[in-house]
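Q: Structure below; questions to follow.
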Amino acid sequence: MAANYDVLIVGGGIAGLSLASALAGQCSVALVEAEQTLAYHTSSRSARQLIPSYGPAVVQELTVRTLELMAARDAELPVPVLEPRSFMLVGDEATVKAEASGHMHPITHAEALELCPALNPGSFTAAGLDTGSFACNAPVLLEDHRQRAEANGADIITGAKVHSAQRLGSGWQVGAGLEGFQSAVVVNAAGAWADELAVLSGVEKLGLQPFRRTAAIVDVERPLPPGSPMVCAADDSYYFRREGEQVLISPSETVPSGPEDARPRPGDVEALVTRLNSITSLGIRSVARAWTGLRTEAADGVPVVGFDAEAPGFYWLAGQGGYGFQTSSAIAELAAAEILGSLSGTSPVSRTATALAAARWSIRR
Ligand SMILES: Cc1cc2nc3c(=O)[nH]c(=O)nc-3n(C[C@H](O)[C@H](O)[C@H](O)COP(=O)(O)OP(=O)(O)OC[C@H]3O[C@@H](n4cnc5c(N)ncnc54)[C@H](O)[C@@H]3O)c2cc1C
């Protein structure tokens with residue numbers, strides 16, 4: 001017999017887990033994750049930085065709200081999720097100016113070098129600084145969402161890949177692993193597999209594209225001092241930041257991929273090590289570990305959040321791109337309100353495709 005829930009969330013990354021914790025206790029919730037462990041894919045592979053000046057306007061707005069929600073929650077946690085860590089953009093005048101927005105303000109060349117003396121003075125001519133940026137303790141955040149969801153009655157089932165989903169009567173019938181589920185709402189929080197999940201559910205896909213992005217932890221001769229900003233090239237060709245005595249680096253590549261368990265390609269990290277050793281005094285000696293994750297985006301780069309126009313009860317929570325952590329709590333807050341509204345019949349459960357697209361530009365708190 002199929003287990004019955006108000007909401008079935010597919011995907012146990014930051015998107016699915018933050019929604020599960022926002023909904024639990026207000027309706028019956030199950031979350032199914034294909035892998036044996038939660039957050040196995042992109043959500044365990046991020047740079048863990050929350051940057052209010054990063055991304056399109058709607059993303060910046062969602063980030064500011066997420067930071068408010070996380071700061072309020074931090075007051076109750078033994079280990080905080082947030083730690084101040086500013087974000088510095090370096091490059092040429094025109095590129096820094098084009099990228100600087102919202103919380104990012106211009107700083108002088110000398111100020112930039114004072115903040116990060118490891119930078120070769122000749123490697124940039126202009127800089128901007130976002131002092132409202134934070135480091136995110138992602139493992140603590142993910143575990144807090146899991147604990148809150150389960151403490152409030154949500155069922156979280158791992159090793160259960162959704163293989164079938166169909167609309168039956170007023171709800172959904174879903175097969176995941178060896179189990180069957182019935183629910184009024186299915187939430188598509190399947191990350192790089194979001195379009196694939198839509199297709200197997202009989203829902204038209206949105207053309208979401210996963211892009212590879214690699215990062216590595218490297219051993220250095222001269223570690224960055226505590227309090228150093230994260231440094232990012234304004235032309236998006238690299239970033240690096242302190243990771244204790246080591247340094248996290250990324251070539252910031254944006255290479256299209258299918259949904260998969262992505263791995264670094266030979267040369268990706270090595271080329272960046274050579275470059276960073278020529279434009280900084282870090283003295284990178286070796287690569288301790290490297291990984292690749294998939295940042296999945298809609299064509300306009302804006303997260304896809306809302307009920308599908310043509311498939312009643314099918315809720316999209318996808319396309320978070322490089323902003324999945326920094327928008328997570330605000331998106332969960334918004335999604336929970338919409339889903340609870342639809343369960344109580346107080347909000348529209350279906351929109352046209354055009355309205356869905358428009359709504360993505362008009363998310364307001
Ligand atoms: C190198 C790198 C650096 C990044 N840095 C940052 C950063 O500093 N700040 C920031 O905010 N974001 C950052 N991001 C982006 C962020 O990590 C993502 O936006 C976020 O993790 C996406 O979360 P998700 O839950 O949507 O996807 P995922 O974590 O991939 O979760 C989706 C889950 O769905 C599951 N699933 C798929 N299909 C099925 C199915 N059929 N049945 C059951 N389960 C299924 C998958 O197994 C997966 O666990 C970075 C990403 C990368 C790669």
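Q: Net charge within 13 Å of Pro226 by Cβ-Cβ distance, Lys/Arg positive one each and Asp/Glu negative one each, not counting Pro226 itself?
A: 0
Q: Relative contact order for segment 1-111: what is it in percent, counting Cα pairs under 8 Å that are at least 6 residues apart?
A: 19 percent
Q: Kindly provide the helix-only [θ] at 222 nm of the chain, computed as the sum of -39,500 (n - 2.57) over DSSP H runs of four or more divided by all residues, to the nearest 500 deg cm²/dmol?
A: -8500 deg cm²/dmol
Q: Let me ask you something else. Shape call for the chain from the C-alpha gyration tensor, a ≥ b ≥ c root eigenvalues: rounded (a/c under 1.5), prolate (a/b greater than b/c) or oblate?
A: Here the chain falls in the prolate category.
Q: So, one more: What list of ³J(HN,Hα) values in whole Hz, one per residue of segment 222-237 in order, does the Karplus curve 6.51 cos²θ - 1.76 cosθ + 1.60 (θ = phi - 60°) give from phi, with Gly and Pro shown as x?
A: 10, x, 6, x, x, x, 5, x, 6, 10, 10, 6, 5, 8, 6, 9
Q: Roughly how many debye, to the nearest 20, is the charge dipole of segment 1-102 about its Cα centre, given +1 on each Lys and Arg Cβ, -1 on each Asp and Glu Cβ, and no other charges?
A: Here the size comes out at about 60 debye.
Q: Still on this structure: How do the peptides 148-155, 264-271, 230-237 rank, highest first, by the average count of neighbouring beta carbon atoms within 10 Å per residue?
A: Per-residue mean Cβ counts within 10 Å order the peptides as 230-237, 148-155, 264-271.
Q: Around Ala127, which amide H atoms from residues at least 5 apart in sequence, or from another chain, sit under 5 Å from its own amide H, with H modelled in the peptide plane?
A: Distant-sequence amide H within range of Ala127: Ile107.
Q: Rounded if a/c is under 1.5, else prolate if a/b beats b/c, else oblate: with a ≥ b ≥ c from the C-alpha gyration tensor eigenvalues square-rooted, which is segment 12-116?
A: The shape class here is prolate.
Q: With a/c under 1.5 counting as rounded, go ahead and sort segment 310-350 into rounded, prolate or oblate using the C-alpha gyration tensor (a ≥ b ≥ c being the square roots of the eigenvalues; past the cut-off, prolate if a/b is larger than b/c, else oblate).
A: The shape class here is oblate.
Q: Here is a further query. Considering only the other residues whose Cβ falls under 15 Å of the Cβ of Trp172, what net charge follows from Lys and Arg at +1 and Asp and Glu at -1?
A: Net charge around Trp172: -3.
Q: Next question. Could you check which residue among Gly207, Gly319, Gly293 shows the biggest mean-square fluctuation in a GNM of the chain with a 10 Å Cα cutoff?
A: Highest fluctuation among the options: Gly207.
Q: Under a Cβ-Cβ cut-off of 15 Å, what is the net charge of the residues other than Val269 that fall near it, where Lys and Arg count +1 and Asp and Glu count -1?
A: Local net charge: +3.
Q: How large is ³J(HN,Hα), in whole Hz, for each residue of segment 316-325 in order, when computed from phi with the Karplus curve 6.51 cos²θ - 1.76 cosθ + 1.60 and θ = phi - 60°, using x for Gly and Pro?
A: Each residue's phi maps through the Karplus curve to give 8, 9, 9, x, 6, x, x, 10, x, 7 Hz.
Q: Using a 1.4 Å probe, what is the accessible area per residue for segment 142-274, in Å²?
A: Accessible surface, normalised per residue, equals 44 Å².
Q: Using a 10 angstrom cutoff on alpha carbons, build the Gaussian network for the chain and name the most mobile of Gln36, Gln182, Gln326.
A: Gln36
Q: Here's something else I'd like to know. With θ set to phi - 60°, apply the Karplus curve 6.51 cos²θ - 1.76 cosθ + 1.60 along segment 120-135 and write out the HN-Hα couplings as whole Hz, x wherever there is a Gly or Pro.
A: 5, x, x, 8, 7, 10, 9, 8, x, 10, 10, 8, x, 8, 10, 7
Q: So how far, in whole Å, is the C-alpha centre of segment 1-22 from the one of segment 106-123?
A: 46 Å
Q: Also: Could you give the DSSP H helices of the chain that reach 15 angstrom or more along their long axis (alpha carbon positions) and whose average Kyte-Doolittle hydropathy is no lower than 1.0?
A: Qualifying helices, which must be both long enough and hydrophobic enough, are 328-343.
Q: Only Cα pairs within less than 10 Å get springs; with that Gaussian network setup on the chain, which residue of Glu33, Glu76, Glu204 has the largest fluctuation?
A: Highest fluctuation among the options: Glu76.
The values are calculated or read from the model by the stated rules, or taken from the named source; none is laboratory data. Model, not experiment: these values are computed from the prediction. With ideal geometry, Cβ positions are generated from the backbone for all residues, glycine too; neighbour counts draw on all protein chains shown. All accessible areas refer to the heavy atoms of the entire protein, side chains included, with ligands and DNA or RNA removed. Shrake-Rupley method; radii C 1.70, N 1.55, O 1.52, S 1.80 Å.
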